[in-house]
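Everything on this sheet refers to the single structure shown next.
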Amino acid sequence: MKDGSSRRRARRIAIGAAVVLALAGMNGPALYRFGSQQYHEYKINQPEYKAANGKWDIVEFPEEYRQNTIHAALLHTGKVLLIAGSGNNQDNFDAKRFDTRIWDPVKGTIKKVPTPTDLFCTGHTQLADGKLLIAGGTKRYEKLKGDVTKAGGLMIVHNENPDKPITLPAGTRFTGRDNGKTFVSKDPVLVPRAKKVFDKATGAFLRNDPGLGRIYVEAQKSGAKYETGTQDNYRVQGLSGGDARNTYGIAQKLALDKKDFQGIRDAYEFDPVAEKYIKVDPMNEARWYPTLTTLSDGKVLSLSGLDEIGQLVPGKNEVFDPETKKWTYTEGVRQFPTYPAISLMQNGKLFYSGSNAGYGPDDVGRDPGIWDLDTNKFTKVPGLSDPKLLETSGTVLLPPAQKERYMVIGGGGVGESRQSSNKTRIIDLLEDDPKFRDGPELEKGTRYPQSSILPDDTVLISGGSEDYRGRGDSDILQARLYDAKDDTMKRVADPLVGRNYHSGSILLPDGRVMFFGSDSLYADKANTKPGTFEQRIEIYTPPYLYRDSRPTLSGGPKTIARGESATFTSQHASAVRTARLIRPSASTHVTDVDQRSIALDVEKTANGVTVTVPKNRNLVQSGWYMLFVTDDQGTPSKAQWVRVP
């Protein structure tokens, strides 16, 4: 009995083994992938791995709080403002579903905020009082050529009356003198009065230069027969007497061509304490994707963007005064593509890195250089590798800001080009003749790379895609830490979520980094399925937060003037090595012109540290900052919020 039982048991084991081997043969690749994934999960969660490479975690909001986040800004309350507007979604735009959220990364709470208009494709920057200035947005979505059913385009309205301006309401009809075709305005337009011109030598009257207004018009009916091919003079219906004689329109080709996005003039301040939008005076120009840059005196420069008829604003730049809430034009005219990366320099001039979101001619305003706003003089800087691959590149002011070195990261060709660059380029603006040099290379050509300055003076560079909007499943799941001190790049833990167009990153007060957005064109490698907007937030915890201890920072004043010192309590103060003021981010399209990390002089005391803020107001702009100290291992404290008046 015993031997028979043993034989039967052995036979069952043999049969079982054969079945396992057969199943393994059929499912070997799947089993291998499963095992590899399990091992990968095990590996990346080991303490020693996290201490060397950091860790990524996904934050998925409840469904009712998800949105297509286009813009994000860190508020001095420690919360994060997430702005979608219509979220690059035509259905949302048509239904006037405009979204904003406030997320508390500490408590994990989410709040919906009423959004007054479509702030998709707006510009924004931090103001000295802690509010966020937001200007521009979307008046109308683009229409591709095949989707345009009514001929239309730009109408220039002339007013030859020097005594008064004239306002034409939406729905005004313009009829061509030669072609006899009628077109209707989509919005009201204010046309200024004509300007009298006199001879400078004699004072004699020479002429009236007409006031000009720009308006988008469409044919009354659909069809190609309503297109025009040449310039014509247009009579304004409904006017009489002098108004009819003095007011007329001139238009070039009015056709079924593609119609670009159109911008708005609206501007708002977002109050982080009241957590609401406050309307201020509108800009002089409508702008879709402008850049807002804070100037030496605390005023804000707004430049570029697509206007109310979908054309690039023709170099008319303007300045917002936070005291009066008014906008005024700058003296000079200078044109850039949409959303140019422009930052304030220590000498008060402006540096344009060449990075931009990209609408506009490929040969206008794309050369990097230094811009003196007072004289409107623009000095190009040489040495840039891959100069034709700057669209969708990222730009960061390397820490510390005093050294005034910028890095331009990756980029691609203009429009939907498949070209991308794996270059990083670095320029030192304090050199006598600054010029770019190549820094460490990325593994792949990278559009839309996200970058965030960390309090240990490294820069986290992550994500992006090789092709336009992630086309061909080309998202890059890689991250690196760049060390500006020794010009080296170190690969760290890979992100879990692909990020390309409409993505960004923000440093949080606890030293972690949040990532948002991504607007893939397709959802598959074959480019057959439409993409969906990435609504998940991802958090990267850097290696320095997996060390045994970190310094603390508490007490101290809430306000520190430039040139003044302040003392803060800190455990393990003897180990403190550096102190940094980091300006809170306001990010969109991967480039964040607000990012800067300013080194402070630091002295150790018995129970804390004393820090001194530099005097240069162009370096240390008025506003709220995160104050970090780091120990001799580079581990940062949590931030203290301080204001520089």
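No lab work stands behind these numbers, since they all come straight from the coordinates. All values reported here derive from a predicted model rather than from experimental measurement. Positions of Cβ are backbone-derived with ideal geometry, glycine not excepted, and every protein chain shown enters the neighbour counts.
Side notes on the structure shown:
- Euclidean distance of C-alpha centroids, segment 253-316 and segment 572-587, integer Å: 33 Å
- On the beta carbon distance between GLN571 and ILE58, with R0 = 41 Å, the FRET formula returns roughly 0.80.
- Neighbour net charge for GLY315 - beta-carbon separation under 15 angstrom, K R +1, D E -1: 0
- Label-to-label distance, nm, for residues given as GLU48 and LEU144 (7 Å Cα→Cβ offset): 5.3 nm
- Segment 640-645 - phi-based ³J(HN,Hα) in whole Hz, Karplus 6.51/-1.76/1.60, Gly and Pro as x: 9, 7, 9, 10, 9, x
- Anchor LYS276: lysines whose Cα lies under 22 Å away (excluding residues fewer than 8 positions away in-chain): LYS79, LYS96, LYS107, LYS111, LYS112, LYS131, LYS139, LYS299, LYS325, LYS326
- With Cα atoms defining each centre, segment 161-198 and segment 32-74 are spaced 57 Å apart in the structure.
- Tilt relative to the chain, helix 2-44 - C-alpha long axis, 0 to 90 degrees, to 10: 40 degrees
- Distance between segment 476-494 and segment 372-436 - C-alpha centres, whole angstrom: 19 Å
- Stretching LYS490 away from LYS258 to a fully extended chain increases their span by 79.1 nm, per 0.36 nm per residue minus the current alpha-carbon distance.
- Amide H contacts of ASP187: GLY171, TYR216, each under 5 Å away and 5 or more positions distant or on a separate chain (H built 1.01 Å from N in the peptide plane; Pro and chain starts excluded).
- Couplings 3J(HN,Hα) for segment 259-275, derived from phi with the Karplus relation 6.51 cos²θ - 1.76 cosθ + 1.60 (θ = phi - 60°), are 10, 6, 3, 10, x, 10, 8, 4, 9, 9, 9, 9, 8, x, 7, 6, 6 Hz, where x marks Gly and Pro.
- Sequence of LYS435, LYS50 once ranked by neighbouring C-beta atoms within 10 Å, starting from the fewest: LYS435, LYS50
- Computed over neighbours whose Cβ is under 11 Å from that of GLY472, the net charge equals -1, Lys and Arg +1, Asp and Glu -1.
- Under a 5 Å amide H cut-off, with hydrogens placed 1.01 Å from N, VAL381 pairs with GLY369, ILE370 among residues at least 5 apart or on other chains.
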